[in-house]
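S.K.: Got a structure for you, written out below as structure tokens; questions coming shortly.
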Amino acid sequence: MRFPRGRRRLAIVVAALLATAAVVVIVHRVLAPAEVSTVARADYPAPARPAAGVIGRLPVAPLIVDGRLRVYAAHRQVYADRPVDGRYRTSPYWSYRRWPAELTGVVASGSTVVSRWSDGQLVALDARTGGVLWRADGPEPVESTAPVRRTWAATVWDAPGLQLTDLPDGRIVLVVTGDSQARGVELSGGRELWRVELPGRCRSDVGTSATGLLIGLDTCAGAATVEFRDAATGEVRERWRPPGGPDGFVVTPLGCRTGLSDCLGLRTAGPGGEGGRGWLLAAGSPVAAPALDPAGAALVGEQSVAVVDGVVVGRSARTGTELWRSAGLGTARVLAGQPGRVHLLTEANDLVTLDPVTGRQLSRFVLNVGSDGTGWAPGALTAEDGFVAIERLRRPVDPTGDDRRYYYTGETVILAAT
């Protein structure tokens with residue numbers, strides 16, 4: 001039986017419309033902006049207190065959160081695993097994905113994890129469950145020209161344009177900067193406190209201070225100037241230049257709680273690193289701290305720790321008084337500091353941890369896993385909650401090489417308890 005020609009045409013048109021509608025639905029489902037939140041199905045783990053030594057190796061960089069979880073970054077995902085002292089990466093404890101936006105930075109304070117995305121969105125997650133606490137608009141991040149390496153270390157250990165700072169009244173402010181704007185957001189609920197316009201790429205972030213200030217370096221008017229902006233209001237509180245310093249200089253934050261957040265001091269230096277000078281951050285202008293002048297000096301609490309003529313020396317950062325010295329470590333350099341600990345790396349890749357107040361050795365062990373060996377160079381690292389995680393790079397280090405050439409092994413991040 002054959003349909004009349006008119007009906008056949010109508011049937012063909014209807015079929016074509018249905019097919020088109022089906023394709024539109026599929027394309028919408030695939031391409032429409034979306035998020036997928038997979039929350040935890042198990043209890044929040046207790047803080048871990050492992051014995052000092054190498055814990056294991058990981059393929060990506062962990063952000064230690066609340067002393068209980070490891071949080072990781074991926075192209076369009078932030079996720080966590082447990083336990084914090086697990087030898088390997090495990091199945092996600094929770095996961096949060098967005099599409100088509102890309103993850104650009106992650107920071108954490110207590111049990112709050114804040115992720116920043118390429119469309120400017122800020123999404124705060126509860127580390128205990130992975131559930132969304134709040135969402136807020138932020139300035140779109142500055143497009144980076146640096147390659148995103150496979151460990152995502154820069155995203156979780158040095159999140160660009162994303163810093164935290166504590167206000168005197170106990171509130172915690174998330175400061176978010178973009179190419180031409182900065183915003184202050186209250187961490188507890190995502191409420192925007194302020195927004196200000198920035199002059200552009202002639203101004204760059206340095207970090208935040210432990211006294212509630214956003215620190216920037218402004219070169220827009222010629223001579224470099226350090227800008228201190230109140231994190232509670234967004235207003236510039238002071239503009240400062242090191243006395244007698246050159247017109248152009250670089251600024252390195254010192255004594256930061258994590259990443260570039262809650263820093264206790266600064267080091268300024270001219271081109272090539274010459275003329276380095278250390279400064280403590282106070283209520284007014286920075287205070288000179290000559291104990292922080294040597295390149296590589298670490299500020300841990302009130303103490304400066306530096307390697308001077310092959311000897312590790314601890315001094316009062318404020319007065320310069322020598323507190324202790326340790327001459328038995330061999331060739332070593334200061335790696336990082338965290339409250340109550342300063343970490344050094346020897347020429348043989350031993351990790352040595354000292355008490356910054358007394359110089360007493362807290363632990364020493366070889367940073368080696370299985371048969372990997374120690375013939376690697378240190379890359380990016382973090383030190384927090386008693387842990388140290390560090391990238392291992394292939395020698396000689398080739399910054400322009402692809403990831404296979406750049407990294408020492410597939411699971412290139414070594415995690416240790418100190």
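The values are calculated or read from the model by the stated rules, or taken from the named source; none is laboratory data. Not measured: the values here are computed from a predicted model. When we count neighbours, we look across all protein chains shown, and the Cβ atoms used for this are built from the backbone with ideal geometry, even at glycine. Accessible surface areas use protein heavy atoms only, side chains included; no ligands, DNA or RNA. Shrake-Rupley method; radii C 1.70, N 1.55, O 1.52, S 1.80 Å.
S.K.: For segment 214-314, just the Cα atoms, rotate onto the principal axes and tell me the three extents in Å, largest first.
M.R.: 43, 29, 22
S.K.: Then there's this: Starting from the Cα-Cα distance between Ala146 and Ala210, subtract it from 0.36 nm times their residue separation and give me the gain in nm to one decimal.
M.R.: Numbers: separation 64, 0.36 × 64 = 23.04 nm, distance 2.85 nm.
Answer, rounded to one decimal: 20.2 nm.
S.K.: Checking a compactness column here: for the chain, what do you get for Rg(Cα) / (2.2 N^0.38 Å), N being the number of residues?
M.R.: Scaled against compact globular proteins, the figure is 1.14.
S.K.: Next question. Roughly how many nanometres apart are two label points built 7 Å out from the Cα toward the Cβ at Val132 and Ser285?
M.R.: In this crude spin-label approximation the distance works out to 4.8 nm.
S.K.: Also, quick follow-up: Just the Cα atoms of segment 304-405: what Rg and Dmax do they give in Å?
M.R.: Looking at segment 304-405, its Cα Rg and Dmax stand at 14.9, 47 Å.
S.K.: At most 11 other Cβ atoms within 10 Å and a DSSP loop assignment: could you name the chymotrypsin sites (Phe, Trp or Tyr not before Pro) in segment 169-244 that fit?
M.R.: none
S.K.: Find, to one decimal place in angstroms, the Kirkwood hydrodynamic radius of segment 152-292, where the mean of 1/r is taken over every pair of different Cα atoms and then inverted.
M.R.: 15.2
S.K.: Output needed for segment 61-195: three equivalent-ellipsoid semi-axes, defined as square roots of 5 times the C-alpha gyration tensor eigenvalues, in descending order, whole Å.
M.R.: They are 23, 18, 13 Å, listed from largest to smallest.
S.K.: May I ask you to give the percent of accessible area on the chain that is carbon plus sulfur, with a probe radius of 1.4 Å?
M.R.: Carbon and sulfur atoms account for 54 percent of the accessible area of the chain.
S.K.: Sort all Cα-Cα distances of segment 126-213 into consecutive 10 angstrom bins from zero, then give the percent of pairs in each bin up to the one containing the longest distance.
M.R.: Binned Cα distances yield the sequence 15, 43, 36, 7, 0.
S.K.: Cut-off 20 Å, label point 7 angstrom out along Cα-to-Cβ of Asp169: give me the residues of segment 211-236 whose amide nitrogen falls inside.
M.R.: From segment 211-236, the list is 211-214, 229-236.
S.K.: What do you get for GluC sites (Glu not before Pro) in segment 230-301 restricted to DSSP loop and a cutoff of at most 12 other Cβ within 10 Å of the site's Cβ?
M.R.: On the way: sites: Glu235, Glu238, Glu274; in loops: Glu235, Glu274.
Hits after loop and neighbour filter: Glu235, Glu274.
S.K.: Give the residue list of GluC sites (Glu not before Pro) in segment 326-418 that are DSSP loop and have at most 14 other beta-carbon atoms within 10 angstrom.
M.R.: For GluC sites (Glu not before Pro) across segment 326-418 that sit outside H, G, I, E and B with at most 14 neighbouring Cβ atoms in 10 Å, the list reads Glu347.
S.K.: Working out 0.36 nm times the residue gap between Glu102 and Arg191, then minus their Cα-Cα distance, what length gain in nm do you get to one decimal?
M.R.: 29.7 nm is the gain from fully extending Glu102 to Arg191.
S.K.: Quick one: grab the alpha carbon gyration tensor of segment 58-99, order the square roots of its eigenvalues as a ≥ b ≥ c, and give me rounded if a/c is under 1.5, else prolate or oblate depending on whether a/b is larger than b/c.
M.R.: The shape class here is prolate.
S.K.: Additional query: For Ala51 paired with Arg241, estimate the spin-label separation in nm (one decimal), with each label point 7 Å from Cα along the Cα-to-Cβ line.
M.R.: About 5.8 nm separates the two model spin labels.
S.K.: Hey, another quick one. Do you know the relative contact order of the chain, to the nearest whole percent, from alpha carbon pairs under 8 angstrom that are 6+ apart?
M.R.: 11
S.K.: What net charge is computed for the residues neighbouring Gly212, neighbours being all others with C-beta under 14 Å from the C-beta of Gly212, Lys and Arg scored +1, Asp and Glu -1?
M.R.: Around Gly212, the surrounding residues sum to -3.
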